[in-house]
Amino acid sequence: MAKKPVNKRGWWGILIHASWPTFIGIVITAVSFTLVENADAGLSALIAGMSVWVLSAITVLLIALVWQRRRHLAIPVAMGVFVAKIVILGFLLALVPAPDWLHTVGAAIGALVAIVIWQGAEVLIFINTRRLIYS
């Protein structure tokens, strides 16, 4: 049986291990939409996917900084940042008009792919981080 990788870099390792599969998924989605639909669809998928990555990375970076200084506040800060992101995105989606070039299906699928891959990778690396701590 293959040895499972273990994260030894803490929050920075989580960021790295969740980022690279997300980037690959975003690029594959953007290229697929470019080939099947058009350049605007591919660009929409790319921008939406990268937006999800940026917001997710900011969350992990913020948690890492709080973890270093006030470890007991890491989970409440993480939850607060999550709620703030959802509220801010909701306001932006309601108030800012979509640009003419935006391909809504491409953007939606690009964002969905990034979310699913990021969350899956993050869960796997959390499991491997906990294995190091509790083994």
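The values are calculated or read from the model by the stated rules, or taken from the named source; none is laboratory data. Please read all numbers here as calculations on a predicted model, not as lab measurements. For neighbour counting, all protein chains shown are included, and Cβ atoms are generated from backbone atoms with ideal geometry for every residue, glycine included.
In the set S32, S44, S56, which member is buried (at least 18 other Cβ atoms within 10 Å of the Cβ) and over 18 Å from Q119 (Cβ atoms)?
On the way: S32 fails: buried (at least 18 other Cβ atoms within 10 Å of the Cβ); S56 fails: over 18 Å from Q119 (Cβ atoms).
The conditions single out S44.
Go through the stretch 63-76 residue by residue and tally those that are in contact with a helix residue (DSSP H, G or I) (Cβ under 6 Å, 6 or more places away or on another chain) and closer than 21 Å to I16 by Cβ. Walk me through it before giving the result.
Within the stretch 63-76, the first condition is being in contact with a helix residue (DSSP H, G or I) (Cβ under 6 Å, 6 or more places away or on another chain), and the residues that meet it are 63-64, 66-67, 73-74.
Then keep just the ones that are closer than 21 Å to I16 by Cβ; that gives 63-64, 66-67, 74.
Here the count works out to 5.
Looking at the stretch 94-115, which of its residues are touching a residue at least 60 places away in the same chain (Cβ under 8 Å) and in a helix (DSSP H, G or I)? Reasoning before the result, please.
Here is the first cut: in the stretch 94-115, the ones touching a residue at least 60 places away in the same chain (Cβ under 8 Å) are 101-111, 113-115.
Passing the criteria: T104, V105, G106, A107, A108, I109, G110, A111, V113, A114, I115.
Considering only residues that are over 15 Å from S56 (Cα atoms) and either of a type in the set (A, V, I, L, M) or at pLDDT below 85 (or both), look in the stretch 100-125 and name the one that is surrounded by the most Cβ atoms within 10 Å (Cβ to Cβ).
For the stretch 100-125, the residue satisfying everything is A107.
For a quick check of your reading of the model, give me the residue pairs whose first member lies in the stretch 14-28 and is under 24 Å from W67 (Cβ atoms) and touching a residue at least 24 places away in the same chain (Cβ under 8 Å), whose second is aromatic (F, W, Y) and surrounded by 15 or more Cβ atoms within 10 Å (Cβ to Cβ), with beta-carbon atoms closer than 6 Å and at least 6 apart or on different chains.
Listed by first residue and then by second, the contacts come to A18/W118; T22/W53; T22/W118.
So for the stretch 75-93 (the condition being out of contact with any Leu (no Cβ under 6 Å at 6 or more places or on another chain), modelled with pLDDT under 90, outside any helix (DSSP H, G or I) and exposed (fewer than 15 other Cβ atoms within 10 Å of the Cβ)), does at least one residue qualify?
Scanning the stretch 75-93, I find no residue that is out of contact with any Leu (no Cβ under 6 Å at 6 or more places or on another chain), modelled with pLDDT under 90, outside any helix (DSSP H, G or I) and exposed (fewer than 15 other Cβ atoms within 10 Å of the Cβ), so the answer is no.
Please pick out the residue among I88, I16 that is out of contact with any Phe, Trp or Tyr (no Cβ under 6 Å at 6 or more places or on another chain), more than 13 Å from W118 (Cβ to Cβ) and not acidic (D, E).
Values: I16 fails: more than 13 Å from W118 (Cβ to Cβ).
It is I88.
Please indicate, with yes or no, whether at least one residue in the stretch 28-35 is modelled with pLDDT under 90 and in a helix (DSSP H, G or I). Please lay out each step first, then the result.
Looking only at the stretch 28-35, we keep the residues that are modelled with pLDDT under 90, and these are none.
Within the stretch 28-35 (the criterion being modelled with pLDDT under 90 and in a helix (DSSP H, G or I)), the answer is no, since none of the residues qualifies.
Would you tally the residues in the stretch 67-93 being touching a residue at least 40 places away in the same chain (Cβ under 8 Å) and charged (D, E, K, R)? Walk me through how you get there before you give the answer.
First, the residues of the stretch 67-93 that are touching a residue at least 40 places away in the same chain (Cβ under 8 Å): 67.
Adding the requirement that they be charged (D, E, K, R) leaves none.
Qualifying residue count, the stretch 67-93: 0.
Can you pull out every residue in the stretch 88-128 that is β-branched (V, I, T) and under 17 Å from the mean Cα position of the chain (by Cα)? Spell out the reasoning first.
Pass one, the stretch 88-128, residues β-branched (V, I, T): 88, 96, 104-105, 109, 113, 115-117, 123, 125, 127.
Selection gives I88, I109, V113, I115, V116, I117, V123, I125.
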